[in-house]
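In what follows, a single structure is set out as structure tokens and then discussed.
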Amino acid sequence: MDVLQEQEVAVAERLLKIKDMSNTIHEEVQNYYGKELQQSSDLKTTACCTLTAPPKHILEALRNIHDEVQDKYYGCGLTIPDQLKGLRILDLGSGSGRDCYIAAQLVGEEGFVVGVDMTSEQLAVANKHLEYHREKFGYARSNVSFVKGNIESLDELGFELESFDLIISNCVLNLVVDKQKVLNDAFKLLKKGGEMYFSDVYADRRFPKTLQNNPILWGECLSGALYWNDFLNYARNAGFTDPRVVEDKPIGVDHKEIEALMGDIKVYSVTYRLFKIDGLESECEDYGQAVSYKGTIDGATHSFDLDDHHNFPKGKMITVCGNTYKMLNDTRYREAFDFYGNWNTHYGIYEGCGGKIPFSKTADGEPTVSCC
Ligand SMILES: C[S@@+](CC[C@H](N)C(=O)[O-])C[C@H]1O[C@@H](n2cnc3c(N)ncnc32)[C@H](O)[C@@H]1O
């Protein structure tokens, strides 16, 4: 066997291993979410539990959602960004459909939401209430559909490439074995300027194999959680060059035996937004650009939060790095901002959100601070 053949065999063996592991985990997860759990309060820990109160417009949308759908909600964050009118949205691991039905109201009748889940019982609840919600929203036709499928095979579910404006997901990636594949496929399904906006559980280190093999820890969204640096590398490999944190919170597991098994491992619920934009830089660079928010986004009349460190008060000119400029200018947010500057002047790395000097001394001979 030559080197190329050996490499091909190694890749095939790796894929077979992932497939074997996936099959076992799928059965366990389907059993957990389809049979073991009947409602949110059956969860043993607080890992799959949204921590912050939703804003007013989401609370209003929640009031229209059927109790049975809400009872079977197992999300860990708020996965509904702003400015959704008219969008085509895909929800990965949509469960009983709560987030799909919230989004369906915000995209309006001209938008559309597709939910994918592999657990029949969860899908049955989601589908059962399609007509209830259509009527409640006052739409002539339902703008939601649910598809049974495995999100590790998104490329086999018949979705057109670059056909979604937004991909959301709530507490699901941690339950999946081939997380890189899900991110790769999601990137391909997004239109240019689209984004993946999702909440999940992350850990401060890699979970040991013994804990990954524990079906309760996996089912409770704990031991499948990615070490956050692994996630950042997967996201960048998929093409999402500059992942942005929207919100993060430590999770208290609140279960003595599970805490004992986890030892020092700490877990967090984090909402990330990953834009699909050409030419984003791996380090934010300053081109001397600025933006001013017009106050036109629904639910954000006075100020708009792009992420956890970019707040734009209405009417105030704010300097931004090149990546942030693109996240506002090359996306659905474009109409909501005035833009200033161009790409002709380069001021180097923007200290506010980029890297530090990668050398031991500054130009003045002062020692620099290492990031490690
Ligand atoms: C923690 S629940 C979250 C459900 C929903 N997002 C919510 O917020 O209520 C995880 C869901 O992901 C689904 N799921 C897990 N792995 C999946 C996979 N590989 N493909 C499709 N669905 C999956 C499960 O069936 C379950 O409904």
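The numbers here are math on the coordinates, done by the rules we state, and not lab data. This one's a predicted model, so the numbers in the text were calculated from it and none came from an experiment. As a convention, Cβ positions derive from the backbone with ideal geometry for all residues, glycine included, and neighbour counts pool all protein chains shown.
Tell me, in nm to one decimal, what length is gained between A124 and D71 on full extension, where the rule is 0.36 nm per residue of separation less the Cα-Cα distance?
On the way: separation 53, 0.36 × 53 = 19.08 nm, distance 1.38 nm.
Computed gain between A124 and D71 is 17.7 nm.
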Cβ-based charge dipole, the chain, positive-most Cα from S223, S169, C100:
C100
Express the relative contact order of region 282-372 as a whole percentage, based on alpha carbon pairs under 8 Å and six or more residues apart in sequence.
37 percent
Please sort 65-77, 233-245 by packing, taking for each peptide the average over its residues of neighbouring beta carbons within 10 angstrom, highest first.
65-77, 233-245
Length-normalised contact order for the chain - Cα pairs under 8 Å, 6+ apart - percent
14 percent
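What is the Cα convex hull volume of region 71-200 when expressed per residue in Å³?
For region 71-200, the hull spanned by Cα atoms encloses 99 Å³ per residue.
Please state the shape class of region 86-143: rounded when a/c is under 1.5, otherwise prolate if a/b exceeds b/c and oblate if not, all from the C-alpha gyration tensor.
Working: a/c = 2.56, a/b = 1.39, b/c = 1.84.
In terms of gyration-tensor shape, oblate.
Place a +1 charge on the Cβ of each Lys and Arg in the chain and a -1 charge on the Cβ of each Asp and Glu, then give the dipole magnitude about the Cα centre in debye, rounded to the nearest 20.
Details: 39 positive and 57 negative charges, 118 e Å.
In debye, rounded to 20, the chain gives about 560.
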Sparse-neighbour loop sites [GluC sites (Glu not before Pro); region 137-235; at most 14 other C-beta within 10 Å; DSSP]:
E160, E162
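Using 0.36 nm times the number of residues separating N237 and Q39, minus their current alpha carbon distance, what extension gain do you get? Kindly include the intermediate steps, with their values, before the conclusion.
Values: separation 198, 0.36 × 198 = 71.28 nm, distance 3.62 nm.
Full extension of this stretch gives 67.7 nm more.
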Just name one of Y268, F112, F337: the one whose Cα is farthest towards the positive end of the charge dipole of the chain (beta-carbon charges, Lys/Arg +1, Asp/Glu -1).
F337
Here the FRET efficiency for D308 versus Y347, based on Cβ atoms and R0 = 30 Å and rounded to 0.05, is 0.80
If you place +1 on the Cβ of every Lys and Arg and -1 on the Cβ of every Asp and Glu, how big does the dipole about the Cα centre of region 282-372 come out, in debye to the nearest 20?
200 debye
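Could the peptides 285-291, 222-228 be put in order, highest first, of the mean number of other beta-carbon atoms found within 10 Å of their residues?
222-228, 285-291
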For region 282-372, build the charge dipole from Cβ charges (+1 Lys, Arg; -1 Asp, Glu) around the Cα centre, then report which of G348, T362, G299 sits farthest towards its positive end.
G299
For a Förster distance of 30 Å, can you work out the FRET efficiency between the beta-carbons of E60 and N329, rounded to the nearest 0.05?
0.50
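Nearest 20 debye, what's the magnitude of the dipole of region 167-282 about its Cα centre given +1 on Lys and Arg Cβ and -1 on Asp and Glu Cβ?
Working: 15 positive and 16 negative charges, 76 e Å.
I would put it at about 360 debye.
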When a/c reaches 1.5 or more, the comparison of a/b and b/c decides; with that in mind, is the chain rounded, prolate or oblate per its Cα gyration tensor?
oblate
Over region 219-313, what portion of Cα pair distances is larger than 19 Å, expressed as a whole percent?
59 percent
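Looking at the square roots a ≥ b ≥ c of the eigenvalues of the Cα gyration tensor of region 282-372, which shape do they give, rounded for a/c under 1.5, prolate if a/b is larger than b/c, or oblate? Intermediate values should be presented prior to the final figure.
On the way: a/c = 2.87, a/b = 2.15, b/c = 1.33.
Prolate is the answer for region 282-372, as a/c is 1.5 or above and a/b outweighs b/c.
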